[in-house]
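Written below as structure tokens is the structure these notes are about.
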Amino acid sequence: MYKSFDVARSKPEVNPTSAGGSTPPKALMFHAIYRNPGGEEQSFANESKLLESIGYETVHCTTENSKISRGPWAAVTAVFSPRVLVDALRIIRSERPDIVYVNNLWPAFSASLLVAARAAAIPTLQAVRNYRLATPSAKLRADGTCTECGSTNYFTSCVRNGCYGNSRLQSLVCYLSAAAVKISVLGWKQHRFVATSAMTARLVEGRLIDSGRVVVRPNFGFEENEPEFRSTDSVVCVSRLTPEKGVLDLVRNWPQGAGSPSLTVLGDGPQYGEISSISAALDNVTLAGFTSHEDVIEILRDSAASVVPSQWAEPFGRVAIESMSVGTPVIYATSGALADIVGPGGTPLHTLEESSIREALDRIFGADDRSAIRRSAYRHYSNRFTSRKAATSMRELINEVRS
Ligand SMILES: [Zn+2]
């Protein structure tokens, strides 16, 4: 079960410019690390770097979900944990932060964290990176239906169907823990949910969350200079290997034969074995497994295109943004927010059938001027998704919750 959290701190990158400011403002950041760490851990690191870039000292409070045992008490504390409430109040009182930033609070931290921040009157930003606020499975399609049961009735259908972990009890716990979060922040003027796209915001707004409480602030990249054009012929897919991500069908239907570009898949997950055995039989597909973030950026830089084949309402778009940041166009599935995020920085992938994949590849590889496609990808990134732009909106957001 949850014992306590680990605390680590980082100094700001720049000197604070506040009047007479010798002490930088402080952000107390919370993140419950997933059993299978992935994109949300990288996002937590990025948000921290962003806050440090605008002069904040950051204090990270993390706990590992993998250390939680299952059982009746774990179910209760996923909804509300008295122990977390006490610990969070203690650290808020000793650190006296200017803001609290909550990345992921499920299940180890629970709504207790928000109750503590509210009791101490600390302005709080809470990231929305999946749909757990709406449904136990945390995965929705763009039309609002759950990817597991196909229903929009998240209580009666998702709980009865066991959409989280194939378990009715665990799904009920998820539903109640989301309800506890929504009730904890009801009417709290110094709290905002921060969603990564307008679609994510629309899908989580509901009976207990009105639209003014969810602000949209897209993910971002740290590249600030136009990349050099490197001529390559390989395509990369960076993804968790889970069914809703669409990687299995992408690999299965990847075009074969002379002139077909090669595909490298970077990532790990439950479908690793299945994807590995399919790719082993293909000449031009390689499954490289988990790859560090630094290496992912370099491989993106050296690729002719990246592909995001997600079949759910992908709220994230971080890999797409990182791809454009190094001038690599994105072949994106049209099922989620990616069409809005990528736009002129890539080309759509309408289905995961071979003919569709071929058409998308032809638009990249058959272009008269491939360097123009790369410039367009980078230009779209630099117009919308640089860390400098994200820093400006972070400042505005903090001013909004602190006023
Ligand atoms: Zn469901």
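The values are calculated or read from the model by the stated rules, or taken from the named source; none is laboratory data. Only a predicted model underlies this, so the values are computations on that prediction, with no experimental measurement involved. Note that we place each Cβ from the backbone using ideal geometry, even for glycine, and neighbour counts take in every protein chain shown. We work out accessible area using only protein heavy atoms, side chains counted, and drop any ligands, DNA or RNA first. Shrake-Rupley method; radii C 1.70, N 1.55, O 1.52, S 1.80 Å.
Give the residue list of GluC sites (Glu not before Pro) in the stretch 331-403 that are DSSP loop and have at most 15 other beta-carbon atoms within 10 angstrom.
Sparse-neighbourhood loop GluC sites (Glu not before Pro): Glu353.
If you average the C-alpha positions of the stretch 251-292 and of the stretch 45-119 separately, how far apart do those two centres end up, in angstrom?
38 Å
For the stretch 198-268, how big is Rg over Rh, using alpha carbon atoms and the Kirkwood form of Rh?
1.14
Accessible area of the chain with a 1.4 Å probe: how many percent of it is carbon plus sulfur?
After summing per-atom areas, the C and S share lands at 50 percent.
Label the chain by shape, choosing from rounded, prolate and oblate, from the square roots a ≥ b ≥ c of the eigenvalues of the Cα gyration tensor; if a/c is under 1.5 it is rounded, and otherwise prolate applies when a/b is larger than b/c, oblate when it is not.
oblate
About the Cα centre of the stretch 96-149, how large is the charge dipole given +1 on each Lys and Arg Cβ and -1 on each Asp and Glu Cβ? Please answer in debye to the nearest 20.
Dipole about the Cα centre, nearest 20: 60 debye.
Output needed for the stretch 234-384: three equivalent-ellipsoid semi-axes, defined as square roots of 5 times the C-alpha gyration tensor eigenvalues, in descending order, whole Å.
The answer is 22, 17, 15 Å, longest axis first.
Going 7 Å from the Cα of Ala339 toward and past its Cβ, which residues in the stretch 135-166 have a backbone nitrogen under 20 Å from where you end up?
Inside the label zone: 140-147.
What angle do you read, to the nearest 10 degrees and between 0 and 90, between the alpha-carbon axis of helix 82-95 and the longest principal axis of the chain?
Relative to the chain, helix 82-95 is tipped by roughly 90 degrees.
Consider a paramagnetic label point 7 Å from the Cα of Asp233 along Cα→Cβ; state which residues of the stretch 248-279 have an amide N under 16 Å from it.
Only 255-264 fall inside the zone, counting backbone N under 16 Å.
Angle check, please: helix 387-402 long axis (alpha carbons) against the longest principal axis of the chain (alpha carbons), in degrees 0 to 90, nearest 10.
Its long axis makes an angle of about 20 degrees.
Based solely on its DSSP helices, what 222 nm [θ] is calculated for the chain when runs of n ≥ 4 H residues each add -39,500 (n - 2.57) and the sum is averaged over all residues, nearest 500 deg cm²/dmol?
Calculated from helices alone, the mean residue ellipticity at 222 nm is -11500 deg cm²/dmol.
Which one of Gly187, Ile331, Gly269 is farthest out on the positive end of the charge dipole of the chain, using unit charges on Cβ (Lys, Arg +1; Asp, Glu -1) and the Cα centre as origin?
So the residue furthest toward the plus end is Gly187.
Restricting to the stretch 193-330, compute how many DSSP beta bridges are antiparallel as a %, nearest 5.
Of all bridge pairs located within the stretch 193-330, approximately 5 percent are antiparallel.
Given contacts defined as C-alpha pairs under 8 Å and at least six residues apart, what's the relative contact order of the chain, whole-number percent?
13 percent
Looking only at the chain, where both bridge partners belong to it, what percent of the DSSP beta bridges are antiparallel (to the nearest 5)?
Counting only bridges with both partners in the chain, antiparallel ones make up about 15 percent.
Which of rounded, prolate, oblate describes the stretch 82-180, given a ≥ b ≥ c as roots of the alpha-carbon gyration tensor eigenvalues and a/c under 1.5 marking rounded, otherwise prolate only if a/b is larger than b/c?
prolate
When the chain is fully extended, how far beyond the present Cα-Cα distance does Thr392 get from Ser167, taking 0.36 nm per residue of separation?
76.7 nm
If the only charges are +1 at each Lys and Arg Cβ and -1 at each Asp and Glu Cβ, what is the size of the charge dipole of the stretch 171-296 around the Cα centre, to the nearest 20 debye?
980 debye
PRE reach from Phe365 (point 7 Å along Cα→Cβ): which of the stretch 315-340 fall under 15 Å by backbone N?
Inside the label zone: 331.
How much length is gained on full extension from Asp98 to Ser356, taking 0.36 nm per residue of separation minus their Cα-Cα distance?
The span from Asp98 to Ser356 would gain 87.9 nm if fully extended.
Run through the stretch 205-246 and list the trypsin sites (Lys or Arg not before Pro) located in a DSSP loop whose Cβ has at most 11 other Cβ atoms within 10 Å.
Arg207
Please go through the stretch 178-234 and write out the GluC sites (Glu not before Pro) that DSSP classes as loop and that have at most 14 other C-beta atoms within 10 Å.
Passing both the DSSP loop test and the Cβ count: Glu224, Glu228.
For the chain, just give the cysteines left without a disulfide-compatible partner, judged by no other Cys Cβ under 4.7 Å.
Lone cysteines by the Cβ rule: Cys61, Cys146, Cys149, Cys174, Cys237.
Which pairs in the list Lys67/Lys189; Lys189/Lys245; Lys11/Lys139; Lys11/Lys245; Lys3/Lys389; Lys67/Lys182 are over 30 Å apart, alpha-carbon to alpha-carbon?
Flagged as over cut-off: Lys67/Lys189; Lys189/Lys245; Lys11/Lys139; Lys11/Lys245; Lys3/Lys389.
Work from the charge dipole of the chain (Cβ charges, +1 for Lys and Arg, -1 for Asp and Glu, about the Cα centre) and give the residue of Leu250, Gly162, His380 farthest towards its positive end.
Looking along the dipole axis, the top candidate is Gly162.
Measuring from centroid to centroid over Cα atoms, what is the spacing of the stretch 296-310 and the stretch 184-220 in Å?
Answer, in whole Å: 30.
Compute the relative contact order of the stretch 234-384 as a whole-number percentage, counting only Cα pairs closer than 8 Å that sit 6 or more residues apart in sequence.
23 percent
Quick one: dipole size for the chain, taken about the Cα centre, charges +1 on Lys/Arg Cβ and -1 on Asp/Glu Cβ, in debye to the nearest 20.
Here the size comes out at about 1820 debye.
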